[in-house]
Amino acid sequence: MLKEKVKQEIDKLNEDQLRRVEIFIASIKLETEKSSVPLWKRTTPAERARDLEEWASQFPKTGGGLPDEACDRENIYYGDDGDE
């Protein structure tokens with residue numbers, strides 16, 4: 001039923017709209033193909049490393065990090081005042 005409704009709507013589209021639908025369908029197919037093969041099987045370690053570095057580079061470089069106290073076990077579990 002849905003398929004027939006979609007077909008009817010497609011019949012009403014002009015050429016430009018049909019091209020956009022075609023691109024959308026191609027992107028869905030590509031997405032489906034990609035998701036069926038795990039990332040580690042379709043890329044090399046070098047490609048994954050490059051992609052990670054590229055992804056990380058999009059974030060602002062604040063220059064600040066966490067102080068050492070932030071990773072202290074007592075501060076993680078009990079807070080700055082040491083109370084439970």
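The values are calculated or read from the model by the stated rules, or taken from the named source; none is laboratory data. Just so it is clear, the structure is predicted and the values come from calculations on it, not from any experiment. Cβ atoms come from the backbone with ideal geometry, glycine included; neighbour counts cover every protein chain shown.
Please verify whether the range 34-49 includes one or more residues that are of a type in the set (Gly, Ala, Ser) and surrounded by 10 or more Cβ atoms within 10 Å (Cβ to Cβ). Can you show your working first?
Restricting attention to the range 34-49, the residues satisfying the condition of being of a type in the set (Gly, Ala, Ser) are 35-36, 46, 49.
Filter once more, so that each one left must be surrounded by 10 or more Cβ atoms within 10 Å (Cβ to Cβ): 49.
The answer is yes; a qualifying residue exists.
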Here is a list of conditions, (1) surrounded by 10 or more Cβ atoms within 10 Å (Cβ to Cβ); (2) over 30 Å from the mean Cα position of the chain (by Cα); (3) at negative phi; (4) not aromatic (Phe, Trp, Tyr), and Glu4 meets all of them except one; can you say which number that is? (1)
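Residue by residue through the range 48-77, note down the ones that are aromatic (Phe, Trp, Tyr) and within 21 Å of Pro38 (Cβ to Cβ).
We begin by selecting, within the range 48-77, every residue aromatic (Phe, Trp, Tyr); these are 55, 59, 77.
Answer for the range 48-77, where residues must be aromatic (Phe, Trp, Tyr) and within 21 Å of Pro38 (Cβ to Cβ): just Trp55.
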With the structure loaded, tell me whether Lys7 is at pLDDT 85 or above and not in a loop (DSSP other than H, G, I, E, B) or whether it fails that test. yes
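For the range 22-63, what are the residues that are assigned to a helix (DSSP H, G or I) and among the β-branched types (Val, Ile, Thr)? Step through it out loud before you land on a result.
From the range 22-63, those assigned to a helix (DSSP H, G or I) are 22-36, 39-42, 45-56; that's our starting set.
Within the range 22-63, Ile23, Ile25, Ile28, Thr32 qualify.
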